[in-house]
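The values are calculated or read from the model by the stated rules, or taken from the named source; none is laboratory data. None of these values were measured; they are calculated from a predicted model. Neighbour counts run over all protein chains shown; Cβ positions are idealised from the backbone, glycine included. Remember, those area values only see protein heavy atoms, side chains included, never the ligands or the DNA or RNA. Shrake-Rupley method; radii C 1.70, N 1.55, O 1.52, S 1.80 Å.
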Amino acid sequence: YRGIGGSKMQGGQGDVIERRHAADAFAVLDSIGVSRAAMLGWSMGVPVGLEMIRAAPERVVGFGALFGAPGQPFRAAFPRPVSDLVHLAVLGSTLAPQPAQALLRLGAAVPPIAWEICAGIGFVGRHARPEVFHADVRSTASAQKRHYFRTMWDLVRHDARDVLPTIRCPALVVCGGRDWVTPPDAAREMAMMIPGAHLVEIPDATHFGIIECGPELWDPIDELLGRAFG
């Protein structure tokens, strides 16, 4: 995403809404000469994938939604007024990113502390590989914070649930029983709204199930790709 990880933003590249990320994904495909592809999205990648389908459904031959929600994820994760407070916190970080940036840098500088806190609250499972999780923390900590939190602010308000009934390609929805960021109920609702979607629930997985699970995750993905390209 723009301004996150190794991607830097310059000049007039300030647009960080989900539809822009979807357009960027198509631009990458165009640059390597790929007209149609299967889209696998984790977390925020789920709404980005849905915006790809909204924009050009003929180019998406398969859709995998991994540990994500189709819209307003924190409304699904927390009851009101807690979700309202989360929205305010994200908005506050957008307007004044320095405090949140300091916390992220601390987490990157002292990996054991970040690991214990995140594993202790169930954000990531203890059976994940810590070094892989730390790499993600470092990537987030190095992001251009104002753009990062603007991206998060659009994410918390974005809603693509209207796209779900229109999906005609093979679809896979994966959720974790211990994922409180995008809880199983949101995934079950998503799977019910997508015609013919395959739902996989992994009881011990958290939001970081992509670095916690082996065949439980890869086998369904292989099956999805087989259906998409078979």
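Sites listed here are trypsin sites (Lys or Arg not before Pro) in the stretch 10-89 whose DSSP assignment is loop and whose Cβ has at most 14 other Cβ atoms within 10 Å: 36. Taking a ≥ b ≥ c as the square roots of the eigenvalues of the alpha-carbon gyration tensor, the stretch 138-180 is classed prolate because a/c is 1.5 or more and a/b outweighs b/c. The amide H of residue 198, built 1.01 Å from its N in the peptide plane, has 171, 172, 173 as neighbours under 5 Å, considering only residues 5 or more places off or on other chains. Solvent-accessible area per residue in the chain equals 48 Å², computed with a 1.4 angstrom probe and all protein chains kept. With a ≥ b ≥ c the root eigenvalues of the C-alpha gyration tensor of the stretch 130-230, is it rounded (a/c under 1.5), prolate (a/b larger than b/c) or oblate? Note, shape of the stretch 130-230 comes out oblate.
Amide H to amide H distances under 5 Å link residue 208 with 125, where only residues 5 or more positions off or on other chains count and H is placed in the peptide plane.
Checking every one of the trypsin sites (Lys or Arg not before Pro) in the stretch 124-230 against DSSP loop status and a limit of 14 other Cβ atoms within 10 Å picks out 126, 168.
Mean sequence separation of contacting Cα pairs (under 8 Å, at least six apart), scaled by the length of the stretch 1-144, corresponds to a relative contact order of 23 percent. Full extension of the chain between residue 159 and residue 86 gives 24.6 nm of extra length, using 0.36 nm per residue less the Cα-Cα distance. Assuming a ≥ b ≥ c are the square roots of the Cα gyration tensor eigenvalues, decide whether the stretch 59-138 counts as rounded (a/c under 1.5), prolate (otherwise, with a/b larger than b/c) or oblate. The shape class here is oblate.
Could you order peptides 189-195, 98-104 by the average number of other Cβ atoms within 10 Å of their residues, highest first?
189-195, 98-104
Residues whose amide H falls under 5 Å from that of residue 61, counting only those 5 or more places apart or on a different chain, are 37, 38, 39, with hydrogens built in the peptide plane.
Before rounding to the nearest 500, sum -39500 (n - 2.57) across all DSSP H runs of length at least 4 in the chain and divide by the residue total; then give [θ] at 222 nm in deg cm²/dmol.
Value at 222 nm, helices only: -15500 deg cm²/dmol.
Note on the stretch 105-173: Kirkwood hydrodynamic radius from all Cα pairs is 14.7 Å, rounded to one decimal.
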